[in-house]
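Notes to accompany the following structure.
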Amino acid sequence: NPGVGDLGFQIYFLDDKAYGREEDKSFWVKGGSRAQFMIKTDRPVKRLVLTLTAGPVATEVTASVAGRTQETSIEAGGSRQITFTMGNGFPYQGRWPVWIASVSSSNGFVPMFEDGGGDTRYLGVRVKPVLVQ
C-alpha cells in the first residue's frame, strides 16, 4: 500500500502556483511556474525524497529545500527522483521543525487538450514528497 508507514507531514502553500493535493498525496506545480511551500513535521527528519513526474510534455525542474537546489530534465511521461538531506529546519511555535521549499516547472500542458477529459488546469510537474526519518 502506498503511503503506509510514510512519515506524516503537512505542506502549506505560500502562493497560488500549485494545485491542491491529489489522492496519492502528490500535487501539481502549475506549468511555467515556481511554487513555494513549507513542510512541517512533528519530529526531525533525515531526508526528503521528491518524485517528479512530467505529463505529455518534457519539462525542466528546479527544486530547492532549505537553501539547497537541484535541477533536472524530465522527458515527456518520464519521472525522476531527487533527494535532499534535511537540516534542522526552523522551529514552528518553538517546537515543530519547518522547512521552506520550492519546485518550478519550465513547461506545461492542459489535460483536456491531451485526453479530451474535463481537466482545464495548466499542469507543469507532479510532485510526490516523502520524508524519511
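The values are calculated or read from the model by the stated rules, or taken from the named source; none is laboratory data. Please read all numbers here as calculations on a predicted model, not as lab measurements. Please note: Cβ atoms are built from the backbone with ideal geometry, for glycine as well, and neighbour counts cover all protein chains shown. When the accessible area is computed, the model is the full protein with side chains, heavy atoms only, and any ligands, DNA or RNA have been set aside. Shrake-Rupley method; radii C 1.70, N 1.55, O 1.52, S 1.80 Å.
Restricting the stretch 84-103 to residues that are at pLDDT 90 or above and more than 16 Å from residue 34 (Cβ to Cβ), the residue that is most open to solvent (accessible area, probe 1.4 Å) is 85. Among the conditions (1) over 16 Å from residue 132 (Cα atoms); (2) open to solvent by 70 Å² or more (accessible area, probe 1.4 Å); (3) in contact (Cβ under 8 Å) with a residue 60 or more places away in the chain, residue 31 misses just one, which is (2).
Select from the stretch 8-24 the residues that are assigned to a loop (DSSP other than H, G, I, E, B) and loosely packed, with under 15 Cβ neighbours inside 10 Å and list them in ascending order. 8, 14, 15, 16, 20, 21, 22, 23, 24 - these are the residues of the stretch 8-24 that are assigned to a loop (DSSP other than H, G, I, E, B) and loosely packed, with under 15 Cβ neighbours inside 10 Å. The set of residues from the stretch 40-72 being part of a loop (DSSP other than H, G, I, E, B) and at pLDDT below 95 comprises 41, 42, 43, 44, 45, 46, 66, 67.
Assess whether residue 106 counts as being surrounded by 11 or more Cβ atoms within 10 Å (Cβ to Cβ), touching a residue at least 60 places away in the same chain (Cβ under 8 Å) and among the hydroxyl-bearing types (Ser, Thr, Tyr). Judged against the criteria, residue 106 is a match. Criterion first (in contact (Cβ under 8 Å) with a residue 24 or more places away in the chain, exposed (fewer than 13 other Cβ atoms within 10 Å of the Cβ) and basic (Lys, Arg)) does residue 46 satisfy it? For residue 46, the condition - in contact (Cβ under 8 Å) with a residue 24 or more places away in the chain, exposed (fewer than 13 other Cβ atoms within 10 Å of the Cβ) and basic (Lys, Arg) - is met. Under the condition of being part of a loop (DSSP other than H, G, I, E, B), polar (S, T, N, Q) and without any contact (Cβ under 8 Å) to a residue 24 or more places away in the chain, the residues counted in the stretch 73-95 number 1. Report whether or not residue 117 is open to solvent by less than 60 Å² (accessible area, probe 1.4 Å), more than 18 Å from residue 48 (Cα to Cα) and modelled with pLDDT under 95. Taking the combined requirement at face value, the residue satisfies it. Scanning the stretch 56-83 for residues being open to solvent by less than 10 Å² (accessible area, probe 1.4 Å) and over 12 Å from the mean Cα position of the chain (by Cα) gives a total of 3.
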